[in-house]
Amino acid sequence: MRIERKERGGSRHYVVHVGEPRFTMELELDREAPDKIGRGIIRRVSLPNSWAGDYGRCAQALLMAQEFFRQSFGEPTSKKRDPRRFCR
């Protein structure tokens, strides 16, 4: 899920993965991307210690989270029409 927190001077964006592995990623909008959003610039990652040494699995999960972040800014769809839009 993507969480956006409004703050003075901007907003903070988080992607929270609630499945295994549970992790949180803070991203910043990529102002140099053509759409000014891009896949986001990773600012911080919090993940379980058991995943810290497995760089391949960790990188794959983070890339999927970045892609989800990009897609979450797209056109909203009705849950009735497409209930699994962001489920993987």
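The values are calculated or read from the model by the stated rules, or taken from the named source; none is laboratory data. All of these numbers come straight from a predicted model, not from anything done at the bench. Positions of Cβ are generated from backbone atoms using ideal geometry, with glycine treated the same way; all protein chains shown enter the neighbour counts.
Being more than 19 Å from L29 (Cα to Cα) and at pLDDT below 80 is the requirement here; does C58 meet it? Taking the combined requirement at face value, the residue does not satisfy it. Hey, among the residues in region 6-27 that are at pLDDT below 90 and surrounded by 10 or more Cβ atoms within 10 Å (Cβ to Cβ), which one's nearest to the chain's Cα centre (by Cα)? In this case the residue turns out to be H17.
When G40, G74 are checked against the criterion of being touching a Leu at 6+ places or on another chain (Cβ under 6 Å) and either polar (S, T, N, Q) or modelled with pLDDT under 90 (or both), a single residue qualifies: G40. Examine region 36-46 for a residue that is outside any loop (DSSP other than H, G, I, E, B) and exposed (fewer than 10 other Cβ atoms within 10 Å of the Cβ), and state whether such a residue exists. Within region 36-46, not a single residue is outside any loop (DSSP other than H, G, I, E, B) and exposed (fewer than 10 other Cβ atoms within 10 Å of the Cβ). A search for C-beta distances below 6 Å between a residue of region 20-31 that is assigned to a loop (DSSP other than H, G, I, E, B) and any residue that is β-branched (V, I, T), counting only pairs 6+ apart in sequence or on different chains, returns L29/I37; D30/I41.
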